[in-house]
Amino acid sequence: MASVPELPEVETTVRGLEKVLLGRRLERVELRRDDLRRAFPQDLGQRLTGASVVGLGRRGKFGLIRTDRGDTMVFHLGMSGKWRVDPAELHAHDHIIIDTDDGRRVTLNDPRRFGSVDLVRTSDQASSPDLAALGPEPTELDARDLREKLKGRSAPIKSLLLDQRIVAGLGNIYVCEALHRAHINPRQAAGRLSRHALERLVLAIGEVIGEAIEAGGSTLRDYARPDGELGYFSKRFAVYDREGKDCGCGGKVRRIVQGGRSTFYCPQCQR
Ligand SMILES: [Zn+2]
């Protein structure tokens, strides 16, 4: 199963880019096409070229690169996007090439082109279309707020946790893992979860995301693989992509399909 970048990959990518870009002037910006999932802003190259990077960050699964011109480049890695650092040679799917004033190079590579790149005014960032609707970060989630949002909802908890307005940045992998850790059945109606279950869930979400970010940071020197790719690292999952395998509780992991996507869970400890 191909691994789609989720929040920990984006966070690891941003930290890797920070080492190369922070404080540097973007000497040359080459756009090798004018769109990914949607069109780039027409003046993207012009506004980035010559600008200096004053900060990097992340919101949900969006990476943010702020410049001294008051612009923020907002990127999403989609299904297959990655940044490469100082690549030995360019690949066909390197769509954006950025050279810094100290001779470093980063490229945005995205074979399937489900990613996106936008440029917003930093001062208006919070109200930009991509970011405005996002819910809280998984690590800043509050059980009481979550309870309010899920109140009366009959949709399965699994599906609602994928809704970026409820929690920002969670994807299929970490939703499965968090529900498993919290011992919650993914098919349970979200509005019917007890206060205790939601407290366990909020804790579990923070933990699985926190651990994955840590794993991403610690397994890679400078957050880049030997081939310069940022953000992807091998992970160990309790249930994700482990259909038929043993759960620690003695049960076996089952795969079901919810909303067109695979859910992995253990019927024995997630009742
Ligand atoms: Zn189990």
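The values are calculated or read from the model by the stated rules, or taken from the named source; none is laboratory data. These numbers come from a predicted model, not from an experiment. All Cβ positions, glycine included, derive from the backbone under ideal geometry; neighbour counts span all protein chains shown. Areas reflect the complete protein model, heavy atoms only, side chains present, ligands, DNA and RNA absent. Shrake-Rupley method; radii C 1.70, N 1.55, O 1.52, S 1.80 Å.
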Evaluated over the stretch 4-159, the Cα radius of gyration and Dmax, each in Å: 16.8, 56
Gln42-Asp102 pseudo-label distance in nm [points 7 Å out on the Cα-to-Cβ vector]: 3.7
Entries of Lys61/Lys245; Lys61/Lys158; Lys151/Lys245; Lys19/Lys61; Lys82/Lys158; Lys149/Lys252 with Cα pairs more than 23 Å apart: Lys61/Lys245; Lys151/Lys245; Lys82/Lys158; Lys149/Lys252
Gaussian network model of the chain, Cα within-10 Å springs - most flexible of Glu89, Glu11, Glu27: Glu89
Value of D in µm² per second that Stokes-Einstein yields for the chain, Kirkwood Rh from Cα pairs, at 37 °C (0.692 mPa s): 168
Surface per residue (accessible, 1.4 Å probe) for the stretch 12-116, Å²: 42
Glu229 long-range amide H proximity, modeled H, under 5 Å: Val85
Amide H contacts under 5 Å for Phe40, placed H, 5+ residues apart: Asp35
Relative contact order of the chain, defined on C-alpha pairs under 8 angstrom at six or more residues apart (%): 20
Peptide ranges 120-132, 232-244, 180-192 listed from the most packed, as the mean C-beta count within 10 angstrom indicates: 180-192, 232-244, 120-132
Size of charge dipole - the chain - debye, nearest 20, with Cβ of Lys, Arg +1 and Asp, Glu -1, no other charges: 1260
Residues in the stretch 1-36 that a label on Arg113 would reach, taking backbone N under 19 Å of a point 7 Å out along Cα→Cβ: 30-36
Cβ-derived FRET efficiency at R0 41 Å, Thr49 paired with Ala92, nearest 0.05: 0.95
Fully extended contour minus Cα-Cα distance, from Gln258 to Asp68, at 0.36 nm per residue: 64.0 nm
